[in-house]
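The values are calculated or read from the model by the stated rules, or taken from the named source; none is laboratory data. Just so we're clear, the structure is a prediction, and the values are computed from it rather than from any experiment. Note that we place each Cβ from the backbone using ideal geometry, even for glycine, and neighbour counts take in every protein chain shown. These accessible areas exclude ligands, DNA and RNA; they are computed on the full protein's heavy atoms, side chains included. Shrake-Rupley method; radii C 1.70, N 1.55, O 1.52, S 1.80 Å.
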Amino acid sequence: MFKKFLNLSIISAFFIACSDNKIDSNLISNGTNYSQDSIKKANNLDKKSYEEIAHLFKDNTDIKSDKKNILLIFSANNCIYCDKLKEEILKDKNLQKQIKDDYSSYYINISYKKIHTFTKNHTSDLSTSELANLYNINATPTIVILNQKSQTLLNYPGFISAKRLAATMDFLNKAENQNLNEAELGKKLLHFYKDNKI
C-alpha cells in the first residue's frame with residue numbers, strides 16, 4: 001500500500017511541476033545562431049574539390065551574365081574525367097584567360113548541396129540538384145554555355161580537351177552565333193570542329 005502511495009505521489013508531483021507556469025528558458029532552443037563565417041565555410045565546401053582552378057571561377061551562389069556569355073562546368077567527386085579536365089585547364093594559360101576574362105564562369109560540383117541564385121528569365125533560387133536538372137546533367141563533366149540572356153548555346157556532356165574547349169568558347173563568343181538556337185549551333189560547331197581538325 002505504501003508503494004502505491006509513493007508512486008502516486010511521484011506522478012502527482014511530476015504533473016504539478018509540469019503545470020507550473022514558469023518555463024526554464026535553458027530547456028528550450030532558441031534556434032542555432034550561425035556566424036557569417038560559418039555560413040561562408042559551409043557554402044564553400046565544394047571549392048575544395050576544385051581548389052587548384054577555383055581562382056578562375058566566380059562564386060557559384062550567384063550565377064549571372066555580367067554582360068558576358070556564361071560558362072557552367074558541372075562536375076562531381078570521384079570523377080576521373082572531371083579531374084582530367086581540371087588538369088587540361090591548368091596546363092593551358094590561354095584557356096585560363098578565356099575562362100576568367102571572356103566569360104562569366106562557374107564551376108559546380110553536384111556532389112554538394114548549395115542554393116544558387118540564378119538569373120535566367122527572372123531571378124530564382126535553385127538547389128544544386130535543381131540547377132543540374134535544369135540542364136539534364138546525367139554525366140560529368142558537362143559543359144554548358146549560355147548567352148547573355150541565359151539561353152543555352154551548348155550542352156556538352158563528357159570530357160572535352162583544352163584545345164576543343166578554347167575553340168568552342170571562341171566560336172560561341174562570336175556575335176553571329178549568339179542568336180542561333182542550340183540545334184543550329186550544334187551543326188555549325190560540328191563543321192567548325194571538322195574544318196579545323198579539333
| remark: Looks like the range 125-193, by Cα gyration tensor root eigenvalues a ≥ b ≥ c and the a/c under 1.5 rounded cutoff (else prolate when a/b is bigger than b/c, oblate otherwise), is oblate
| field | Cα-based shape type of the range 58-137, given that a ≥ b ≥ c are square roots of the gyration tensor eigenvalues and the cut on a/c is 1.5 | value | oblate
| 1.4 Å probe accessible area per residue over the range 138-190, in Å² | 48
| query | Cα centroids of the range 76-97 and the range 119-165: how far apart, whole angstrom? | reply | 17
| query | By the gyration tensor of its Cα atoms, with a ≥ b ≥ c the square roots of the eigenvalues, what is the shape of the range 78-198: rounded for a/c under 1.5, prolate for a/b over b/c, or oblate? | reply | oblate
| remark: Descending accessible area (1.4 Å probe), largest on the left, turns TYR135, TYR156 into TYR156, TYR135
| said: If each residue of separation counts as 0.36 nm, what is the full-extension length gain between ASP83 and LYS68 once their alpha-carbon separation is subtracted? | reply: 2.8 nm
| field | Cβ crowding within 10 Å averaged over residues, with 61-72, 112-123 ranked highest first | value | 61-72, 112-123
